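Following: one structure in structure tokens, then a few remarks.
The values are calculated or read from the model by the stated rules, or taken from the named source; none is laboratory data. Since this is a predicted model, take the numbers as computed values, not measurements. FYI the Cβ positions are ideal-geometry reconstructions off the backbone, even for glycines, and counts take in every protein chain you see.
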Amino acid sequence: MTTYKRVLAAALTLCLWMPLTAAADRPLEDGQPLSLTSPAVVLAETDTGTIIFEKNADEKREVASITKLMTALLVLEALDRGEVALDDPVQVSANAAAMKGSQALLDANATYSLEDLLRTTIMASANDSAVALSEYLAGSEEAFVAKMNARAAELGMTNTHYVNCTGYPQEGQYTTARDVCTLCCEVAKYPEYTTYSSVWIDTLTHPGGRVTDLTNTNRLVRFYEGCDGFKTGSTDAAKYCLAATASKNGMRLVAIVLGTPVSQTRFDEARAMLDYGFANYQRVAIANKGDLLGESLPVKGGSADSVELALGSGLSMLLKNGQQSGLRLELSLPESIDAPVQEGDVLGLVNVLLDGQVIAKLNCVAASSVPRPGFIEGLYRILENWR
């Protein structure tokens, strides 16, 4: 059976949001459009995972408390599965309360809600809270770290290895800017995370009545419009790190900056990256599942002579401003199809072209069913053909 192609040159509908395709294998831009001093960076759109530009994205590095993104993700996933609840009482072990580095100053053997431990882990980067969560979910930090590494493998974070749940300096712990980007895109699926990461100042009231003041470690939450997360990190080995996300105009971007020697630099460069992304890119809806294509395919031996064609899936992509004019849909179809045809049957392909290059392929499906004709209808058709 031969196939033919038709190009739909009519304007594409660009006003609807819909399911997304997988991210491209390479950045949208080669090199860096900005002058950035940070050793490793990635700018990406979180819903598709599309990377706009990168620098040393696969270089293995320590990232300090950005590690807690994976700790938080496992807690959020457990909450989503109903295995734990925000109001669960969690007794803090002496081991957790003794954690060094940034803390919520938890009382050993006291009981806190899981929500208090989660929000202080996310907002204040509390090592004691992170370890208390790990012990509650897995019995020990070691068992929880095994779950962290297993989840990293599932997400395709091939250059990541966790040794603890806090990011506190420990030999053998590393990740990359690309893997951090993958992790951020997964965390972004849980709006509960930004419920906590977007808060600038808060308090924690301990069971005994003592109050600890909390300040978000991510300054951009206060000083960059639309910023509501994700996480900071800093140690002598990792230097200063940041994964910052912001939403504007229906699009969420994440800027990842690793290994800067000066704290303010990570915020300045993340801000510049986000500004560049929002100024130059937009997420464009190219097609919606079920949209009619305005074309039909001949049907042999059916109760109708043809069947209308529709899109079997939707497509939304990150495009640079001005690229929309280069979008086209091209149908690749057989000359005809034999009855019966069921609604939703895949009949061909729709190639999505940008400036003549195929950037995606969608299924072309039957918009309705076309059964074989009944006996009387079939006899009538035979008689009509004899005239």
- prompt: Does Ala238 qualify as being among the hydrophobic types (A, V, I, L, M, F, W, C), modelled with pLDDT of 95 or more and under 27 Å from Arg283 (Cα atoms)?
  reply: no
Selection within the range 285-307 - buried (at least 18 other Cβ atoms within 10 Å of the Cβ) and of a type in the set (A, V, I, L, M): Ala285, Ile286, Ala287, Leu293, Leu297, Val299, Val307
statement: Among helices (runs of 4 or more DSSP H) entirely inside the range 130-208, those with 3 or more residues being over 21 Å from the mean Cα position of the chain (by Cα) and assigned by TED's automatic domain parsing to the domain that holds Thr232 are 141-154
- request: Just one of (1) among the charged types (D, E, K, R); (2) assigned to a loop (DSSP other than H, G, I, E, B); (3) surrounded by 14 or more Cβ atoms within 10 Å (Cβ to Cβ); (4) assigned by TED's automatic domain parsing to the domain that holds Asn159 trips up Glu29, so point out which.
  value: (4)
- line: Going through the range 183-217 in order, the residues found to be under 20 Å from Phe278 (Cα atoms) and touching a Leu at 6+ places or on another chain (Cβ under 8 Å) are Cys184
field: Filter result (crowded, with 23+ Cβ neighbours inside 10 Å and within 26 Å of Cys227 (Cβ to Cβ)) within the range 103-123
entry: Ala104, Leu117, Leu118, Arg119, Thr120, Thr121, Ile122, Met123
query: If you scan the range 235-276, which residues turn out to be surrounded by 24 or more Cβ atoms within 10 Å (Cβ to Cβ) and part of a helix (DSSP H, G or I)?
result: Arg266, Ala270, Met273
task: Might you let me know whether the range 227-234 holds any residue that is touching a residue at least 60 places away in the same chain (Cβ under 8 Å), more than 17 Å from the chain's Cα centre (by Cα) and not in a strand (DSSP E or B)?
output: no
Subset tally (residues that are crowded, with 24+ Cβ neighbours inside 10 Å and closer than 24 Å to Asn127 by Cβ) for the range 41-68: 6
- request: Under 9 Å between Cβ atoms, at least 6 apart or on separate chains: pull out the pairs that start in the range 143-165 with a residue that is closer than 20 Å to Ala57 by Cβ and end on any residue that is outside any helix (DSSP H, G or I) and acidic (Asp, Glu).
  value: Asn159/Asp58; Asn159/Glu59
query: Mind checking which residues of the range 126-145 are aliphatic (A, V, I, L, M) and within 13 Å of Ala72 (Cα to Cα)?
result: Ala126, Ala130, Val131, Ala132, Leu133, Leu137, Val145
- request: For Val307, state whether it is modelled with pLDDT of 85 or more, out of contact with any Cys (no Cβ under 6 Å at 6 or more places or on another chain), closer than 30 Å to Thr50 by Cβ and outside any loop (DSSP other than H, G, I, E, B).
  value: no
message: Can you tell me which of (1) crowded, with 18+ Cβ neighbours inside 10 Å; (2) charged (D, E, K, R); (3) free of Cβ contacts under 8 Å to residues at least 24 places away in the same chain is the one Arg222 doesn't meet?
response: (1)
- prompt: If you take the residues in the range 94-116 that are assigned to a helix (DSSP H, G or I) and in contact with an Asp or Glu (Cβ under 9 Å, 6 or more places away or on another chain), which one is nearest to Thr160 (Cα to Cα)?
  reply: Ala96
